[in-house]
Amino acid sequence: MNEVREVAGTAFIVAEFRARENNEAQPLYTDHVVPIFLDERTRAAAERIRANFPAGEHMPRLRTRYYDDRLGEAIAQGCKQVVILGSGLDTRPVRKSAPGVAYFEIDDVGTLDLKKARYAANGIDAPITLISGNYVASGVIPLLEANGFDTSLTSFFIWEGNTMYLTRADVMQVLGDLRETLRRFTIAFDYMDEAVVSMTTGEAGTTGFVERFAAMGAPWTFGFDDLPSLAGEARLSISDQTTVGGLFRLYWCDRPMQSIIYEHYSLCTLTSAV
């Protein structure tokens, strides 16, 4: 692993934050796989991003619980394929493996080569197909179909920590391609609102957090405020929507929230069902 920089480098920072939930007395989840990716460089990078802004660490931990819950529901309802877009150091194919469920991950070759090497070194064998590629440039469906994905099966997509690095056109292209090709699918993703991305919330902590990502070569470029409009344009139905603030109040009601960013950061689940 080289210097922890640019969008690929954010995977290590998110992994660091995710791993810290393991130390809680009553953790939202446990991820005993993720430490195999971490070292002193990743810890130092995570601390630079977090700085004196605890929300930066808390948000990935809360969203991990959200995605874990939605994934569990999808599998319980008969999902046979799980696709993780821009997967980074996601460990769900190991943590959430289930009989008859195939996992597909799409990310850059460097990240996936490192993941394969660390899994092999630690004797981890997971039911996962790792696909190297740019899903925006090449298209999600062509990458999947070239690697054994069955478009006729019910599928669940996890799109975690990606949309803020894209454009609206990119996001609509991904959603539109899935809607046009797949019979039955659900996709869960997170997004910032426009005020966070444009650094106009008026809160110094939030602005500084966005600036630190930009300084490491991973600027946020897209945020939006109107999920119903976006879902309608994509011809998808909203099955779930919450702010990270809502998750904070649900799971950590005894803790002070300390930042407005939790209410400016949302998660949702869209479905092809009408």
Express in nm, to one decimal, how much length is gained between F224 and S97 on full extension, taking 0.36 nm for each residue of separation and deducting their alpha carbon distance.
-> 42.4 nm
Nitroxide proxy distance, nm - points 7 Å out along Cα→Cβ at E24 and R183 | 3.9 nm
Any trypsin sites (Lys or Arg not before Pro) in region 187-274 that lie in a DSSP loop and have at most 13 other Cβ atoms within 10 Å would be R235
If the convex hull of the alpha-carbon atoms of region 126-274 is projected onto planes in all directions, what is the mean projected area in square nanometres?
-> 10.5 nm²
In nanometres, what is the gap between the two model label sites at D254 and N134, each 7 Å from Cα along Cα-to-Cβ?
-> 4.9 nm
Computed FRET efficiency, Cβ-Cβ of R235 and D150, R0 22 Å: what is it to the nearest 0.05?
-> 0.50
Using Cα-only point scatterers and the Debye equation, what is log10 of I(q)/I(0) for the chain at each q in 0.07, 0.10, 0.13, 0.17 Å⁻¹, rounded to two decimals?
-> -0.23, -0.48, -0.86, -1.61
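Kindly sort K80, K115 by accessible area of their heavy atoms, largest first, with the probe set to 1.4 Å.
Ranking K80, K115 by accessible area, largest first, yields K80, K115.
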Calculated FRET value between A117 and E263, using beta carbons and R₀ = 41 Å, to 0.05 | 0.55
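Would you list H58, H32 from the most to the least accessible area, probe 1.4 Å? Display every interim value, and only then the final one.
Working: H58 30, H32 140 Å².
Order by accessible area, largest first: H32, H58.
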Taking the Cα centre of region 187-274 as the origin, how large is its charge dipole in debye, to the nearest 20, when only Lys and Arg (+1) and Asp and Glu (-1) carry charge on their Cβ atoms?
-> 220 debye
Those residues of region 71-85 whose amide nitrogen sits under 20 Å from the label point placed on I124, 7 Å along Cα→Cβ | 71-72, 82-85
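Between T242 and R168, what is the FRET efficiency for a Förster distance of 22 Å, r being their Cβ-Cβ separation, to the nearest 0.05?
Numbers: r = 22 Å, r/R0 = 0.98.
In this case the efficiency is close to 0.55.
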Any idea of V109's accessible area? Nearest 10 Å², probe 1.4 Å.
-> 80 Å²
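Please give the contour-minus-distance gain from N52 to Q77: 0.36 nm per residue of separation, less the Cα-Cα distance, rounded to one decimal in nm. Provide the component values of the computation, followed by the final result.
On the way: separation 25, 0.36 × 25 = 9.00 nm, distance 4.14 nm.
So the extension gain works out to 4.9 nm.
Under the rule of -39500 (n - 2.57) per DSSP H run of 4 or more residues, summed and divided by the residues of the chain, what mean residue ellipticity at 222 nm is obtained, to the nearest 500 deg cm²/dmol?
Helices in the chain give a 222 nm mean residue ellipticity of -13000 deg cm²/dmol.
The values are calculated or read from the model by the stated rules, or taken from the named source; none is laboratory data. Everything quoted here is computed from the prediction, not taken from an experiment. Heads up, the Cβs are rebuilt from the backbone with ideal geometry, glycines too, and the neighbour counts pull from every protein chain shown. In case anyone asks, the SASA skips ligands and DNA or RNA and just uses the protein heavy atoms, side chains included. Shrake-Rupley method; radii C 1.70, N 1.55, O 1.52, S 1.80 Å.
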